[in-house]
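Each remark here refers to the structure printed beneath this line.
The values are calculated or read from the model by the stated rules, or taken from the named source; none is laboratory data. Computed from a prediction, not measured in an experiment: that's the story for all the values here. All Cβ positions, even for glycine, are placed from backbone atoms using ideal geometry, and neighbour counts span all protein chains on display.
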Amino acid sequence: MEYLEIIGAIVTLIGAMFILFAGIGLLRMPDIYNRIQAGTKASTLGSMLTLLGIGLIHPDWLLKIVLLIIFILISNPVSSHVLGRAAHFIKVPLSSRTAVDKLAEDEDRVTQSK
Amino acid sequence: MKFKGIFVVFVMLLAIWLVLNNTLQMAPLLIGAGVSLLLSVVLCTKCSVFNDIRLTPKTFYYTLVYLGVFIVELVKSNFDIAMRVLNPALPINPGIIKAETILKSKMARLILANSITLTPGTFTIDIKENILYIHCVHIDGDNTEKYAQSIVRKFEKYLEVLYG
């Protein structure tokens, strides 16, 4: 029983570290798209591990926590996709370090041919 | 073949209900089964999203393999992004690239796009027919076409077996 609590605490700590990296990423990344990358997704593994750690400390909750993790896995990509799509749609500029933007190239071609 | 979609949704709803209740007593089980059946019939008689799933023993095996591959990718790319964020030089080479998929069914494309979005470093901005536009934090090498194919191919080969 005590071992499980220690393992759960360590897993929660690792999860919290990933959320910290996500926060640092939010500050350091140059434009909105890279911030979405750092902010929404380093936190996916972070929140999954944090919840899993709590589940290990309280084994009765484990099944419900697995359900929570599944909901995070379903809702997280949808929200970050919608944010990114909306940002590109209203033409938020990409950072100067961006190599290529195939989507803008293709959309320009469509509007020119109309 | 609308029954398959209804059946899949019914099983999913009932499983979630049972996990939330955490019991196998008769009364909650019957109520859950009744409500799940009603909901799945009402919601899924016109929806065709789940009809592409192939229900064979092979499906379960490949679903497990897919989950394994996905979790390994998730952990790997999380470490990759963490390293890039903590590196003082911030070694990124971002860009939006174009990848074609061979998957036909809507559900399979949805899962592919969500898997790409969930692995950090890449996220799907838009899907047009069979073309995915993916934003990458770091594009490896000069050949963007080849890199785009390598991202899609990782998940595609398993989803192809599941959905065709």
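So the values come out like this:
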quantity: Members of segment B:128-146 found to be closer than 25 Å to B:LEU67 by Cβ and either crowded, with 17+ Cβ neighbours inside 10 Å or not assigned by TED's automatic domain parsing to the domain that holds B:ILE71 (or both), listed by number; calculated: B:LEU132, B:ILE134, B:HIS135, B:CYS136, B:VAL137
quantity: Test: residue in segment B:157-164 that is surrounded by fewer than 20 Cβ atoms within 10 Å (Cβ to Cβ) and not in a helix (DSSP H, G or I); calculated: yes
quantity: Sole residue being within 7 Å of chain B (Cβ to nearest Cβ) and in contact with a helix residue (DSSP H, G or I) (Cβ under 6 Å, 6 or more places away or on another chain), chosen from A:ASN76, A:ASN34; calculated: A:ASN76
quantity: Filter pass, B:LEU20 being outside any strand (DSSP E or B) and either away from chain A (no Cβ under 14 Å) or surrounded by fewer than 18 Cβ atoms within 10 Å (Cβ to Cβ) (or both); calculated: yes
quantity: All helices (runs of 4 or more DSSP H) inside segment A:1-95 with 2 or more residues being polar (S, T, N, Q); calculated: A:42-57, A:62-89
quantity: Selection status of A:LEU103, farther than 21 Å from B:ALA82 by Cα and at pLDDT below 75; calculated: yes
quantity: Segment B:62-98, residues that are in contact (Cβ under 8 Å) with a residue 24 or more places away in the chain and facing chain A (nearest Cβ under 7 Å); calculated: B:LEU74, B:ASN78, B:ILE81, B:ILE92, B:ASN93, B:PRO94, B:GLY95, B:ILE96, B:ILE97, B:LYS98
quantity: B:ILE134 being in contact with a strand residue (DSSP E or B) (Cβ under 6 Å, 6 or more places away or on another chain), within 19 Å of A:ILE36 (Cβ to Cβ), facing chain A (nearest Cβ under 10 Å) and at pLDDT 80 or above; calculated: yes
